[in-house]
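Novice: Before I ask anything, here is the structure I am working with.
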Amino acid sequence: MPPTSVPQHVTPVDLAEGFRAIGVKAGMGLMVHSSLSSFGYVEGGAATVVRALMEALTSEGTLLMPSFNHGAPFRRGGPGFYDPRETPTANGAIPDHFWRLPDVVRSLNPTHPFAAWGRDAERTIADHHRTLTMGAASPLGLLSAAGGYCLLLGVDYRSNTFHHVVET
């Protein structure tokens, strides 16, 4: 059941205060699953949410988001290949904006790539195409091993990929 007290108009200040209130702080590792529409109207849209997360974590932290295409490039009518610089994500407006930013890196996993920013971004995604998609050596597994957290913004637990690390 969705919360009943979701504001209808969200400002950058609301986001910054909200992230601080739930414990998001500088230097932490954070996996984020999100739904922009769950916020109501956000001044500046997805870019504002991403910027607020980055400001809260600072470049000393690591921000990770799914940028999955779920195999769309390999289906009938698709290009037949995954290009980390071009292939869109099916994970919504927030991660779609995030993976396209200049300082964000994207893994080479062809169906379930992650996008990462911050101190450990490169290390976190470097070998994703050589390991289990959600295993111990995956971006999620590495973030977990480093004491990282998962934040669900306007989505329920079914959207959470972090539990797959435990499954594998």
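Novice: Apply 1/(1 + (r/R0)^6) to the Cβ-Cβ distance of residue 108 and residue 75, taking R0 = 30 Å, and write down the FRET efficiency to the nearest 0.05.
Specialist: Using R0 = 30 Å, I get an efficiency of 0.95.
Novice: Another question about this same structure. Output the relative contact order of segment 1-75, whole-number percent, from Cα pairs under 8 angstrom with separation of 6+ residues.
Specialist: 40 percent
Novice: Could you grab the relative contact order for the chain? Cα pairs under 8 Å, six or more apart, rounded to a whole percent.
Specialist: That works out to 25 percent.
Novice: Please report, for the Cα atoms of the chain, the Rg to one decimal and the Dmax as a whole number; what are they, in angstrom?
Specialist: Radius of gyration, then largest Cα-Cα span, for the chain: 15.5, 46 Å.
Novice: Let me ask another. For segment 66-115, which chymotrypsin sites (Phe, Trp or Tyr not before Pro) are in a loop by DSSP, counting at most 13 other Cβ atoms within 10 Å?
Specialist: In loop regions of segment 66-115 (DSSP not H, G, I, E or B), the sparsely surrounded chymotrypsin sites (Phe, Trp or Tyr not before Pro) are 81.
Novice: Grab the other residues whose beta carbon is less than 15 angstrom from that of residue 136, score K and R as +1, D and E as -1, and report the net.
Specialist: 0
Novice: Nothing charged except the Cβ atoms of Lys and Arg (+1) and of Asp and Glu (-1): what's the magnitude of the dipole of segment 4-132 about its Cα centre? Round to the nearest 20 debye.
Specialist: In debye, rounded to 20, segment 4-132 gives about 360.
Novice: Would you kindly state how much longer the chain becomes between residue 145 and residue 83 on full extension, computed as 0.36 nm times their sequence separation minus their alpha carbon distance, in nm to one decimal?
Specialist: 19.5 nm
Novice: Let me ask something additional. Report, to the nearest whole %, how much of the accessible area of the chain belongs to carbon and sulfur atoms, 1.4 Å probe, protein only.
Specialist: Exposed carbon and sulfur together represent 56 percent of the surface.
Novice: Give the accessible surface of the chain per residue, rounded to a whole number of Å², with probe radius 1.4 Å and ligands, DNA and RNA excluded.
Specialist: Accessible area per residue, the chain: 52 Å².
Novice: Based on alpha-carbon centroids, what's the gap between segment 151-168 and segment 12-50 in Å, whole number please?
Specialist: When both Cα centres are located, 17 Å separates them.
Novice: Then there is this: What is the angle, in °, between the Cα long axis of helix 12-21 and the longest principal axis of the Cα atoms in the chain? Nearest 10 is fine, range 0 to 90.
Specialist: 80 degrees
The values are calculated or read from the model by the stated rules, or taken from the named source; none is laboratory data. No experiment lies behind these values; they were computed from the predicted model shown. Note: ideal-geometry Cβ built from the backbone for every residue, glycine included; neighbour counts use all protein chains shown. Only protein heavy atoms, including side chains, enter the accessible area calculation; ligands, DNA and RNA are left aside. Shrake-Rupley method; radii C 1.70, N 1.55, O 1.52, S 1.80 Å.
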